[in-house]
1. Under the 0.36 nm per residue contour assumption, what length would be gained going from the current alpha-carbon distance of H11 and K47 to full extension?
2. Check V39: other-chain or 5+ apart residues with amide H under 5 Å from its amide H, H built from backbone geometry?
3. For S50, what is the net charge nearby, where nearby means another residue's Cβ is under 14 Å from its Cβ and Lys, Arg count +1, Asp, Glu -1?
4. Using modelled backbone amide H atoms (1.01 Å from N, in-plane), which distant-in-sequence or interchain residues come within less than 5 Å of V92's amide H?
5. Please find the FRET efficiency linking D76 to R117, where r is the Cβ-Cβ separation and R0 is fixed at 30 Å, and quote it to the nearest 0.05.
6. Between the range 75-95 and the range 25-62, what is the C-alpha centre distance in whole Å?
7. How much of S133 can a 1.4 Å solvent probe reach, expressed as accessible area in Å² and rounded to 10?
8. Whole-Hz ³J(HN,Hα) for each residue in the range 63-77, computed from phi via Karplus 6.51 cos²θ - 1.76 cosθ + 1.60 with θ = phi - 60°, x for glycine and proline: what do you get?
Amino acid sequence: GANPMNVADHHLKLLCVDSDDDARVIVELALRLDPHLDVVSAPDPLKAISALGSAVLADAIIIGADLLTIDPKSVDALRQRVGGWHVPIITVSARHNAVELHEQDALKNGVVGNIIRPFDPLTLADKVRSLLSETIGARIQ
């Protein structure tokens with residue numbers, strides 16, 4: 001049997017939200033190197049909700065870590081819109097301590113991992129897939 005945790009070729013819809021335009025574009029372009037990743041991007045959670053329109057649910061949200069702190073209500077609204085509390089979140093931050101910052105709230109916020117900038121664009125898709133494999137892998141077998 002196939003390994004149920006392998007999401008390497010599975011088609012995923014990812015929502016990329018970051019108020020830093022440059023950071024968002026880099027994440028978006030890096031993820032698009034993987035032909036099986038469908039990326040929707042927006043500068044903030046509310047714009048992300050309107051960008052989705054009537055689109056299907058998202059498999060995961062990749063979000064600038066600061067937005068979780070600045071506007072948690074909108075982030076919650078966005079999660080509800082794309083599928084609810086089981087939708088995993090990956091944060092992107094420039095600080096190494098961001099991981100510790102989230103560890104206490106990780107379960108509450110649904111954060112499954114943090115990506116530290118600068119990252120290698122060529123390996124970002126793999127990193128995202130491995131962070132998501134445990135949460136999504138269990139659902140897609």
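1. 10.6 nm
2. L14
3. +1
4. The answer is I63, G64, A65, I115.
5. 0.80
6. 11 Å
7. Solvent-accessible area, nearest 10 Å²: 20 Å².
8. For the range 63-77, the Karplus curve yields 9, x, 4, 5, 5, 5, 7, 5, 9, x, 5, 5, 5, 4, 4 Hz.
The values are calculated or read from the model by the stated rules, or taken from the named source; none is laboratory data. Everything numeric in this text was worked out from a predicted model, so none of it was measured. Positions of Cβ are backbone-derived with ideal geometry, glycine not excepted, and every protein chain shown enters the neighbour counts. These accessible areas exclude ligands, DNA and RNA; they are computed on the full protein's heavy atoms, side chains included. Shrake-Rupley method; radii C 1.70, N 1.55, O 1.52, S 1.80 Å.
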